[in-house]
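What follows is a single structure, written as structure tokens, with notes after it.
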Amino acid sequence: MADFNNDGLLDVLEANEQREDDRVAPGRLLYNTGRRVFRPDPSFGEYVNVAMYGKDQGGRGAHAGSLIIQRGPCEEEKGPQQADFCRGHRSLSWVIYQFVSRAMGAVYDSIDPIDGDPLPARNIQAEALNGDGVMDFRVLAGSIKIYYSSPGRRTLPPNGGPFEEIPAPGEGLELGAAVLQDFDLDGRADIFALYRIDTHPQSYTVAIFSVPPGAAAPSFYTRLRRDPVPSLAADVHRNTKIKDIAAVDYDNDGFADIVFVLLERPRLFHLTNAHPQSGCPRPAFLAVVLEGDPAKQVNRYGIGSSLALAVDDGRTARSPVRTVSSYSHGLTNRGGARDHRIVFGLGDGDAPVRLSITWPNGRVVQVSQEVILGNMNSMQAPLTIKY
Ligand SMILES: [Ca+2]
Ligand SMILES: [Ca+2]
Ligand SMILES: [Ca+2]
């Protein structure tokens with residue numbers, strides 16, 4: 001869900017898969033008219049494997065405006081109508097839509113699947129990882145792949161360019177799910193990954209990958225920790241598959257918690273505070289919530305906004321960037337709930353200086369240090385910025 005046509009009202013992306021018969025019923029874009037009526041976009045129809053609303057290219061702190069889709073399977077054998085549709089919407093190809101001059105149009109279409117990456121992406125996530133403030137992407141497709149942005153170039157879909165692939169932390173481990181988040185609140189995004197142990201299908205192991213301080217160029221990620229997950233062994237059905245994972249701070253202590261869903265019997269597991277030992281027991285953080293104003297053509301949750309927090313540790317100044325890509329869903333193909341509170345981890349040495357918010361319509365506002373300092377370290381009372 002996002003405001004695809006920039007009128008302040010949240011619209012809906014219907015993420016259909018191909019039907020088993022010859023009836024072509026692709027996913028639609030449904031515009032919210034504000035009168036409890038949703039109007040489908042006549043020019044849009046896609047089978048969706050994964051979708052994300054974000055920024056596929058652009059400068060530092062750019063707000064979102066692109067609907068990025070990896071198409072779902074499209075089999076021509078299902079009948080003549082499906083065959084006709086599938087020729088223009090090939091399985092696992094990528095397409096990017098933008099709303100330009102009153103209509104949603106494809107600004108990029110890979111036509112065919114990207115060479116060398118024929119696997120369906122299981123999920124996709126965007127964060128500014130390498131310090132240039134331009135969104136980078138984490139894609140889960142067989143393994144964890146990171147695509148670092150190059151300013152001025154299209155980073156997604158992943159058709160080459162610099163990237164980092166994160167290996168399994170040992171032999172005989174099958175990747176189940178992974179999520180990118182700053183789990184230890186030190187200001188750098190970590191990767192939490194769950195692997196199934198091939199020889200013991202009911203056993204799982206967790207690995208956390210982090211960026212060591214001072215790392216200046218890819219490859220950034222090194223394994224910080226590997227732990228068995230003993231609590232799962234008795235509960236998990238043999239040979240089950242992990243379907244999805246989400247990181248949301250359920251107990252409001254600032255540290256993201258992990259929930260994942262299994263294929264056969266959907267189940268939730270709650271691993272409280274699964275963050276690495278940072279040597280910093282009580283890191284500071286700033287949680288921010290945006291409130292748009294539909295009457296001023298800015299959607300209620302500020303989806304599409306970009307936030308940059310200037311911080312200073314006394315020696316160097318940095319400015320980590322986050323985007324609001326969804327309110328609670330919309331990140332992956334199977335759910336993928338996401339915390340609606342945007343959290344900036346500050347470790348134990350970073351002092352916030354200023355917060356810049358770029359709203360979906362491009363308007364930039366600054367929040368002063370005084371206001372920030374009055375709203376620190378609380379998930380229950382986050383810094384709430386109204387448009
Ligand atoms: Ca809208
Ligand atoms: Ca971190
Ligand atoms: Ca927590």
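The values are calculated or read from the model by the stated rules, or taken from the named source; none is laboratory data. Computed from a predicted structure; not experimentally measured. Methodologically, a virtual Cβ is constructed for each residue, glycine included, from the backbone with ideal geometry; neighbour enumeration extends over all protein chains shown.
Quick notes
- Check on S149, within 16 Å of N16 (Cα to Cα) and either part of a loop (DSSP other than H, G, I, E, B) or modelled with pLDDT under 90 (or both): no
- Yes/no for L92 being of a type outside the set (D, E, K, R) and on the phi > 0 side of the Ramachandran plot: yes
- Residue count for segment 336-387, restricted to those that are in contact with a Lys or Arg (Cβ under 8 Å, 6 or more places away or on another chain), surrounded by fewer than 21 Cβ atoms within 10 Å (Cβ to Cβ) and of a type in the set (S, T, Y): 1
- Note on segment 198-217: residues that are surrounded by fewer than 15 Cβ atoms within 10 Å (Cβ to Cβ) and modelled with pLDDT of 80 or more amount to 2.
- A single entry from R138, R188, R90 fulfils the requirement of being of a type in the set (K, R), within 30 Å of F285 (Cβ to Cβ) and at pLDDT 85 or above: R188.
- Residue selected from segment 340-374 under the condition in a loop (DSSP other than H, G, I, E, B) and in contact with a Ser or Thr (Cβ under 8 Å, 6 or more places away or on another chain), by the criterion modelled with the highest pLDDT: W359
- Search result, residues across segment 274-305 that are at pLDDT 90 or above and within 16 Å of ligand 2 (Cβ to nearest atom): A284, F285, L286, A287
- Being modelled with pLDDT of 95 or more and within 21 Å of the chain's Cα centre (by Cα) holds for only one residue in E14, E46, and it is E46.
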